[in-house]
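Engineer: First the structure, which I've put down as structure tokens, then a few questions once you've had a look.
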Amino acid sequence: MTVNSTPIQPPPNDSRPGARSTAGFPSPADDYVERPLDLNRLLIKRPAATFFMRASGNHLRDTGIANHDLLIIDRAREVTSSSIVIALVNGELQLRRFSTLKPETQSPGDSHEIWGVVTCVIHEFND
């Protein structure tokens with residue numbers, strides 16, 4: 001799955017603090033105006049290798065991942081022993097700690113394939 005982004009442009013009569021005006025001299029403060037916030041640029045390093053999934057269950061709650069959280073997964077990121085990964089385990093997609101997929105922690109006959117490393121978790125606060 002490829003993630004495409006289109007920057008959101010402010011309306012022409014934008015009255016936000018720091019918005020540019022077409023009349024008069026340019027403000028010296030214009031050099032310090034921040035770019036619009038682009039979550040794709042901040043959270044996705046390799047768009048062609050990135051996909052999203054929803055977490056199901058609370059078994060990794062201690063890592064900050066709760067039921068229904070949105071996960072950003074990078075298929076090209078290097079797996080480390082502390083990585084949280086999406087893995088195909090015995091034909092079923094599972095959210096797991098990579099350390100639990102080592103041969104010494106698996107039952108005989110178990111198989112797994114790493115699909116990607118969780119890089120970000122988006123957690124919505126409920127009112």
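Engineer: Looking only at region 88-120, filter to residues that are among the hydroxyl-bearing types (Ser, Thr, Tyr) and over 22 Å from residue 39 (Cβ atoms); which one of those is surrounded by the fewest Cβ atoms within 10 Å (Cβ to Cβ)? Show your work before the answer.
Structural biologist: In the first step, residues of region 88-120 are kept if they are among the hydroxyl-bearing types (Ser, Thr, Tyr); the result is 99-100, 105, 107, 111, 119.
With the extra rule that they be over 22 Å from residue 39 (Cβ atoms), the set shrinks to 99-100, 105, 107, 111.
Values: 99: 13, 100: 13, 105: 10, 107: 6, 111: 10.
The selected residue is 107.
Engineer: Considering only region 56-82, state which residues are of a type in the set (Asp, Glu) and either out of contact with any strand residue (DSSP E or B) (no Cβ under 8 Å at 6 or more places or on another chain) or in a strand (DSSP E or B) (or both).
Structural biologist: Within region 56-82, 62, 74 qualify.
Engineer: Looking at region 48-55, can you tell me whether even one residue there is in a loop (DSSP other than H, G, I, E, B) and at pLDDT 90 or above?
Structural biologist: Within region 48-55 (the criterion being in a loop (DSSP other than H, G, I, E, B) and at pLDDT 90 or above), the answer is yes, since at least one residue qualifies.
Engineer: For region 60-95, how many residues meet the condition of being farther than 17 Å from residue 49 by Cβ, in contact with a Ser or Thr (Cβ under 9 Å, 6 or more places away or on another chain) and hydroxyl-bearing (Ser, Thr, Tyr)?
Structural biologist: Residues flagged as farther than 17 Å from residue 49 by Cβ, in contact with a Ser or Thr (Cβ under 9 Å, 6 or more places away or on another chain) and hydroxyl-bearing (Ser, Thr, Tyr) within region 60-95 amount to 2.
Engineer: Suppose the filter is without any contact (Cβ under 8 Å) to a residue 40 or more places away in the chain, surrounded by 11 or more Cβ atoms within 10 Å (Cβ to Cβ) and outside any loop (DSSP other than H, G, I, E, B); does residue 85 pass it?
Structural biologist: Answer is yes for this residue.
Engineer: Taking the residues in region 21-39 that are of a type in the set (A, V, I, L, M) and more than 13 Å from the chain's Cα centre (by Cα) as candidates, determine which candidate is modelled with the highest pLDDT.
Structural biologist: Quick first cut of region 21-39, residues of a type in the set (A, V, I, L, M) only: 23, 29, 33, 37, 39.
Those still in the list that are more than 13 Å from the chain's Cα centre (by Cα) too: 23, 29, 33, 37.
Working: 23: 67, 29: 75, 33: 78, 37: 86.
If we take residues in region 21-39 being of a type in the set (A, V, I, L, M) and more than 13 Å from the chain's Cα centre (by Cα), then 37 is modelled with the highest pLDDT.
Engineer: Still on this model: Scanning for something within 11 Å of the chain's Cα centre (by Cα) and surrounded by fewer than 13 Cβ atoms within 10 Å (Cβ to Cβ), does region 40-50 turn up at least one residue?
Structural biologist: yes
Engineer: Hey, can you tell me all the residues within region 80-127 that are of a type in the set (A, V, I, L, M, F, W, C) and farther than 23 Å from residue 40 by Cβ?
Structural biologist: Correct list: 87, 88, 89, 93, 98, 101, 114.
The values are calculated or read from the model by the stated rules, or taken from the named source; none is laboratory data. Model, not experiment: these values are computed from the prediction. For neighbour counting, all protein chains shown are included, and Cβ atoms are generated from backbone atoms with ideal geometry for every residue, glycine included.
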